[in-house]
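Just so it is clear, none of the values below were taken in a lab; they were calculated from the coordinates. Just so it is clear, the model here is predicted, and its values are computed rather than measured. Note that each Cβ is placed from the backbone with ideal geometry, even for glycine, and that neighbours are counted across all protein chains shown.
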Amino acid sequence: VIVGELPGHESTVVCCKFAPNGRTIATCAHDKRLMIWTQPKQAKGGGAWDCTQVLETSGPLWGCAFDHTGETLATVCNDGNVQIWTQKVLVPYNF
């Protein structure tokens, strides 16, 4: 049973990860966008997800992952960059 959809990417979505809190999702796609979704606390069981941030990256994305705290997110781009984002302000740290 589908309980919700997260529209907004303009190209193939390649990764979708839940943060450890269970109320935040990161999606990434070949459109160079990292999208952060949150579920309001009053929502139960599904469909009410809000896109809270859309971030442009340096290249088409191939994956993303949260750390164990949910405060840091890594993205992998096909241009050879790995970007580390802090969840508090979602500013990339480029290596």
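Taking region 1-37 as the range and being among the small types (Gly, Ala, Ser) and either in contact with a helix residue (DSSP H, G or I) (Cβ under 6 Å, 6 or more places away or on another chain) or within 13 Å of Thr72 (Cα to Cα) (or both) as the test, the residues that pass are Ala19, Ala26. Filtered by the rule that a residue be buried (at least 18 other Cβ atoms within 10 Å of the Cβ) and within 14 Å of Cys16 (Cα to Cα), region 60-83 gives Leu61, Cys64, Phe66, Leu73, Thr75, Val76.
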